[in-house]
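The values are calculated or read from the model by the stated rules, or taken from the named source; none is laboratory data. None of these values were measured; they are calculated from a predicted model. Backbone-built Cβ (ideal geometry, glycine too); neighbour counts: all protein chains shown.
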Amino acid sequence: MTALTITLNGERRDVAGPVTLAGLLAQLSLSPEAVVVEHNRRIVRRGELAQQAVAAGDVVEIVHFVGGG
Amino acid sequence: MTSIAEHPAQASGLDDAPFVVAGHTFRSRLMVGTGKYRTNDEMVAAIEASGAEVVTVAVRRVDLDRTKDAGILHHLDPKRFFLLSNTAGCYTADEAMRYARLAREAGFNDFVKLEVIGDRETLLPDADGLLVAARELAKEGFKVLAYTNDDLVTALRLEDAGCAAVMPLASPIGSGLGLLNPYSIRTIKRRLSVPVIVDAGVGTASDACLTMEQGVDGILMNTALAEARDAVLMAHAMRGAVESGRAAYLAGRMPRREVAIPSSPEHGMLKR
C-alpha cells in the first residue's frame with residue numbers, strides 16, 4: 001500500500017493505492033450509480049471505473065445531481 | 001344551447017394537443033426546479049402539488065466530507081419524475097458543454113437545459129456562447145432546451161442550431177418580476193416551430209397565467225415556489241394558473257375595446 005496524492009474535487013488528497021476509480025469510490029463510501037466521475041477531464045463510464053487506475057497527480061472530479069432551477 | 005356536459009373540452013378535460021418536446025410527451029406544461037427550498041420535505045410536497053413531471057437539477061461536486069448529505073435523488077424518485085439537468089452557473093460554452101456531458105453520463109436522458117450566463121448581476125444569457133454550445137451539443141445528440149433572452153432573433157438562431165426547445169425568460173432568474181415583455185414572448189412563440197417554454201422570472205400565479213395566455217407551450221419556475229411563504233400552497237396555485245392560462249389561450253380571448261358595450265339588453269327598459 002502506498003499513498004497517492006491526487007486532486008479530488010479541487011482539493012489535494014492522499015488516497016490508499018494502488019487503486020482504481022471504482023476502488024476510490026469504495027474508499028469514499030460512494031455508490032457508482034449515484035455519481036459521475038471525471039478523470040483528468042475525461043468522463044469515465046460506470047463500466048470502466050474498475051479498469052481505470054488512479055495515478056499520483058491525477059485530477060478526479062466526482063459529481064452528482066443537486067437541487068437547481 | 002350546449003350544456004356543460006356536452007362540451008367536449010369540459011367533459012373530458014382540456015381539449016389540448018399533447019405537450020411534446022423532442023418526441024417525448026409530458027403530462028404537465030408546468031416544469032419546476034428543485035433549488036432553494038427550505039427543506040427537502042417541503043420541496044417534495046411542493047413538486048407533488050405542482051403536478052409537474054419535469055424537474056430540473058444541477059450538477060455539482062459531491063461533498064466528500066458529508067456524503068450523508070447526498071444528492072437530490074435521495075429525495076426524488078427518478079422513475080416518477082423526468083430529470084432535466086441544467087448547466088446553471090456556467091459562463092462559457094466549454095464549461096456548459098462539460099456539465100451537460102457529465103449530466104448525460106448519469107444515465108437518465110439526453111435532455112439538457114442549457115444555460116450560458118453572460119452577466120453576474122442579472123444572470124442574463126450569453127447569446128454567443130449559447131449558440132456555440134447548442135450547436136455542438138445538438139450534434140452530439142443532446143436534446144437541448146436553451147435558456148435565452150426574450151429576443152426573437154436569438155431564439156430563431158437557437159432553433160436553427162438544432163435546439164429541441166427554446167426557453168426565453170419572463171424576467172431575470174429569481175427576480176419574481178413576472179412577464180416583462182408579453183409581445184416578445186408571443187412573437188417568439190408565433191415564429192418558432194420547436195416548443196417555447198418560458199423559463200425564469202414568474203413570481204406568482206397571475207404571472208404564470210399571463211405567460212401561458214401568450215400561447216407558449218410550457219413554463220419552468222423555481223424561486224416562485226421555493227421562496228413563497230407556503231411553497232406547497234403556491235405550487236397548487238401555479239398548477240391552476242398554468243391550466244387556466246392555457247385554457248384561456250385555447251379559448252381565445254375577447255377583443256380589447258376602448259368603449260363599453262352593455263351586457264344587458266337595452267331593449268325592454270321601463271319608460272323613463
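Scanning the range B:120-158 for residues that are among the polar types (S, T, N, Q) and buried (at least 17 other Cβ atoms within 10 Å of the Cβ) gives B:Thr148, B:Asn149, B:Thr154.
Apart from one condition, B:Met221 fits all of (1) free of Cβ contacts under 8 Å to residues at least 60 places away in the same chain; (2) of a type in the set (A, V, I, L, M); (3) within 14 Å of another protein chain (Cβ to nearest Cβ); the exception is (1). Of the residues B:Leu210, B:Leu180, B:Leu233, B:Leu270, the single one that is away from chain A (no Cβ under 14 Å) and at pLDDT below 95 is B:Leu270.
Listed here are the residues, each with its yes/no results for (1) facing another protein chain (nearest Cβ under 8 Å); (2) assigned to a strand (DSSP E or B); (3) closer than 25 Å to B:Gly89 by Cα.
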site: A:Ala3; (1), (2), (3): no, yes, no
site: A:Ala16; (1), (2), (3): no, yes, no
site: A:Ala22; (1), (2), (3): no, no, no
site: A:Glu33; (1), (2), (3): no, no, yes
site: A:Ala50; (1), (2), (3): no, no, no
site: A:Gly57; (1), (2), (3): no, no, no
site: A:Ile62; (1), (2), (3): yes, yes, yes
site: A:Gly69; (1), (2), (3): yes, no, yes
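Selection of first residues in the range A:22-38 that are polar (S, T, N, Q) and of second residues that are in a helix (DSSP H, G or I), restricted to Cβ pairs under 8 Å at least 6 apart or on distinct chains, gives the following pairs, ordered by first then second residue: A:Ser29/B:Thr67; A:Ser31/A:Leu25. For the criterion of being in contact with a strand residue (DSSP E or B) (Cβ under 8 Å, 6 or more places away or on another chain), surrounded by fewer than 21 Cβ atoms within 10 Å (Cβ to Cβ), modelled with pLDDT under 95 and not in a loop (DSSP other than H, G, I, E, B), B:Leu83 fails.
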